[in-house]
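First up is the structure itself, then whatever we jot down about it.
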Amino acid sequence: MAKNTTFPLFKHRNGQWCKKVLGKQHYFGTDETVALNRWLDEKDYLLAGRVPPTKNTAVATVVELANLFADRCRRQVSAGEMVQRSADDYTPTLTRLIAIVGRDCRPENLTPLDFASLKEKLADPVPRTKGGRGGTFGLTVERRSPTTVAGQVRRIRAFLNWCHTSELIPAPRFGEDFAPITDKAQKRHESKAVRKDIPAADLRAIIEASSVTFKPLVLMAINAGIGNLDLCEMELSRMPRMDAAEVWFDLPRGKTGSPRRFVLWPETQAAIRCYLEARPRPAGHSNDNRLFLTKYGQAWIRIENGERTDAIGGAFTRFRKAAQVNRGTFYDCRRTFQTVAAETLDFPAVSFIMGHAKKKTDMAAKYTQNIGDDRLRVVCNHVRDWLFGADSEDAK
C-alpha cells in the first residue's frame, strides 16, 4: 500500500498521532480520525504559538495522559526544574495506577468511591518477578506501608491535577478519602514499628560476609548515611583519588539536591580500592560512568517494565542471612548512621552529611554559610568508633 504523504500527523512510538509545531511535540490521541479533527481544530492556535482554548477529552485515557505527563517531566528535568529522581518516581506510580484502573480508563469517569478503592488497592503487595541477569527478586510484603501509599497518592494527585490545569481533563473528583496519610496516622504507624537501626556487631558481620562488589556499598552507607539510589548514581569521573591520606567526597543528594560532604574511613577506602581493581565491565554505555556496578556490570537499581528493581536491597538481604543476622534492610544503614551520629550533638553537621534539605522555617540553617571539615570529620569518626571500636587501627 502506498504511503499517505498528505496526512499531516505521524504515529509516535507511544501509539498516539503526533505533530511537531514550533519545535514542540503535540499529541492528538490514538484514533486517526479523531486525531485529525483535533489537529484541524487546533492547528491555527498551535502554529501561532498559542494554547488552544479547549481540548477534546474524548480520547484522554489514563495511558495517553501518562505519556503526556512523562514528556512534561522530561522537559522539566532538561530545564532544571525537576530532578531526574523525581521524574523516575512517577514511572512505577503511574504504571501501578494503570494496572489498577485499566489502560482505557478515562479519569473524568472516576468517582470519589473509585479513588477510595484505588487507595486501598495501592496498599496491596506488588507481585514480584525474577529480575534480569543475576536473578534478583524484589521484596514481597503482606501490605505496603502507609508512607509508601501516601507517596503514590501524592504523585497520582499531582499527575491528575496537572492534566486538569493543562485542560486535558475536567477537575478530578478525589473525594475526602483519597488523601495522603495524616500526621496522626503516621505517628501511630511509627509507634508500632520495630527499631530499624542495626547493632554494630551485626553490621560488622554483614560487612565481613559481603562480596568485593558489595562491601564498599555497605561501608559507604554506614560511613556517611548514603542511601540506595545515591550509591547507584555515583559517577566514576567524580570520584576523588583513593591513594590520598584523607579522602573527601562532595556528593549532592539526588533527592533534594542539597550539598553533602564527608570523609571516608580507611576501611571504606580499602574496600573501594579492592572493588576498582575488579570492577566489572559495564553492560552498555549507560553504565560506563557508574562508579558501582553489579557483578554483571549493570546498575544496582533499574526500572524494568515500569517497576523499579533494587538489586542493592536483595543483595543486602542475602549477605545479612549469610552473616546469620535476623533483621535489617540496606536503608537501615542510613537510619543507623543518623542515630549514632546524633550522639555528637552536632545536628547541623549530621544533617549536612546526610544531605537533608533545609526547612524554610529553619532560619539558623538558612543563615549558616559553612560547616567546617573538622566538624564533619568528628561526626564520621564517631560512627566509625562506634562500629569498629575507638582502638581500631588508624582511628582518626
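The values are calculated or read from the model by the stated rules, or taken from the named source; none is laboratory data. Since this is a predicted model, take the numbers as computed values, not measurements. Quick reminder, even Gly has a Cβ in these numbers, built from the backbone with ideal geometry, and neighbours come from all protein chains shown. Accessible surface areas use protein heavy atoms only, side chains included; no ligands, DNA or RNA. Shrake-Rupley method; radii C 1.70, N 1.55, O 1.52, S 1.80 Å.
Remarks
- Comparison of Gly138, Gly132 shows that the only residue that is over 25 Å from Glu64 (Cβ atoms), crowded, with 16+ Cβ neighbours inside 10 Å and modelled with pLDDT under 75 is Gly138.
- For Phe292, the requirement of being farther than 18 Å from Ser211 by Cα, touching a residue at least 24 places away in the same chain (Cβ under 8 Å) and open to solvent by less than 40 Å² (accessible area, probe 1.4 Å) is not met.
- Residue within the stretch 314-337 that is under 22 Å from Asp374 (Cβ atoms) and either of a type in the set (Val, Ile, Thr) or under 20 Å from the mean Cα position of the chain (by Cα) (or both) present: no
- Each residue in the stretch 56-100 was checked for being open to solvent by 30 Å² or more (accessible area, probe 1.4 Å) and farther than 24 Å from Thr309 by Cβ, and 11 pass.
- Selection status of Arg50, open to solvent by 70 Å² or more (accessible area, probe 1.4 Å), outside any helix (DSSP H, G or I), out of contact with any Cys (no Cβ under 9 Å at 6 or more places or on another chain) and among the basic types (Lys, Arg): yes
- Only listed residue being assigned to a loop (DSSP other than H, G, I, E, B), of a type in the set (A, V, I, L, M) and surrounded by fewer than 18 Cβ atoms within 10 Å (Cβ to Cβ), chosen from Ala244, Ala270, Ala342: Ala244
- Test: residue in the stretch 84-104 that is modelled with pLDDT of 85 or more, small (Gly, Ala, Ser), farther than 26 Å from Asp230 by Cα and assigned to a loop (DSSP other than H, G, I, E, B): yes
- Selection from the stretch 247-281 of residues that are over 18 Å from Ser237 (Cα atoms) and among the charged types (D, E, K, R): Lys255, Glu267
- Restricted to the stretch 295-335, and to residues there that are among the charged types (D, E, K, R) and touching a Lys or Arg at 6+ places or on another chain (Cβ under 9 Å), the residue that is least open to solvent (accessible area, probe 1.4 Å) is Asp332.
Quick grid of which residues meet (1) open to solvent by less than 30 Å² (accessible area, probe 1.4 Å); (2) in a loop (DSSP other than H, G, I, E, B); (3) at pLDDT below 85:
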residue	(1), (2), (3)
Val153	yes, no, no
Arg157	no, no, no
Asn161	no, no, no
Gln186	no, no, yes
Ser191	no, no, yes
